[in-house]
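No value in this document is a laboratory result; all are computed from the given coordinates. Just so you know, these numbers come straight off a predicted model, no measurement behind them. When we count neighbours, we look across all protein chains shown, and the Cβ atoms used for this are built from the backbone with ideal geometry, even at glycine.
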Amino acid sequence: MKAMILAAGRGERMRPLTDSTPKPLLKVGGKPLIVWHIENLVRAGITDLVINHAHLGHMIEAALGDGSQFGAQIRYSAEGEALETAGGIAYALPLLGNAPFLVVNGDIFINYDFGRAQEMAMAMRANPELFAAYLVLANNPLHHEQGDFALEHSMVKLSGHPMLTFTGVAVYHPDVFRDIERGTKAKLAPLLKTLIGHDLVRGEHHRARWVDVGTPQRLATLDRMLK
């Protein structure tokens with residue numbers, strides 16, 4: 001199974017930290033955010049990785065190299081100008097192949113067993129007509145109290161109780177992104193809402209630690225927790 005780590009965002013809310021450092025390379029607990037992901041993925045046996053980048057992307061490639069230092073193989077999808085989430089995934093499809101793949105936001109911290117993602121990818125590959133996306137949802141943080149989606153017997157719904165927040169961890173079938181013209185910007189939310197409307201999205205409620213590291217204050221708080 002392949003995994004893509006999204007690392008192309010500019011990180012405007014993290015300025016001035018991100019003026020000189022790409023957000024996924026900001027450190028918590030003594031190591032860059034993206035390295036926590038890579039180590040957790042490798043621990044789960046997922047070693048074939050794709051990382052997209054735009055802002056200060058050369059620094060990401062210099063820091064991570066070909067991935068061999070982590071026991072992984074890393075290939076890069078250089079966008080030049082960030083293409084948004086769905087656009088970035090569509091641009092990287094030639095590297096991701098034809099099987100379901102895992103996507104992880106590079107600017108989050110999560111204690112998640114990525115082995116679960118492998119199970120969902122195998123189930124999706126065997127039954128592509130049943131679901132095309134699998135989302136990991138979490139309790140709503142204070143800065144996003146309204147949530148994003150609801151869960152109803154593992155089916156993701158646009159509304160319901162309780163509402164939960166999308167963590168940025170998901171498994172997708174590549175066909176989800178086939179109709180996006182390569183190199184164009186495209187947001188993920190409208191795509192997911194369409195799939196949910198057709199009952200093609202399943203998910204789970206992740207109850208362990210998840211942090212959307214969107215501000216310098218949250219970064220500092222997470223760093224103290226991990227230390």
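Details
- Global form of the range 80-123, assessed from the alpha-carbon gyration tensor, a/c cut-off 1.5: oblate
- Amide H contacts of Ile46 (H built 1.01 Å from N, in plane; Pro and chain starts excluded): no residue 5 or more places away or on another chain comes under 5 Å.
- Spin-label model, Asp19 to Arg209: label points 7 Å out along the Cα-to-beta-carbon direction sit 3.1 nm apart.
- In this Cβ point-charge picture (+1 for Lys and Arg, -1 for Asp and Glu), the chain has a dipole of about 480 debye about its Cα centre.
- Full-extension gain in nm, Asp223 to Arg43, via 0.36 nm per residue minus C-alpha separation: 62.6 nm
- Counting neighbouring beta carbons within 10 Å and listing from fewest to most, the residues His144, His55, His37 come out as His144, His55, His37.
- Alpha-carbon centroid distance for the pair the range 65-82 / the range 92-124, whole angstrom: 16 Å
- Size of charge dipole - the range 1-127 - debye, nearest 20, with Cβ of Lys, Arg +1 and Asp, Glu -1, no other charges: 220 debye
- Amide H partners (placed H, <5 Å) of Val28, local residues excluded: Leu33
- Under 27 Å from the Cα of Lys193 - lysines, other chains or at least 8 residues apart: Lys2, Lys157, Lys185
- Average Cα contact separation per residue, the chain, under 8 Å, 6 or more apart, as relative contact order %: 25 percent
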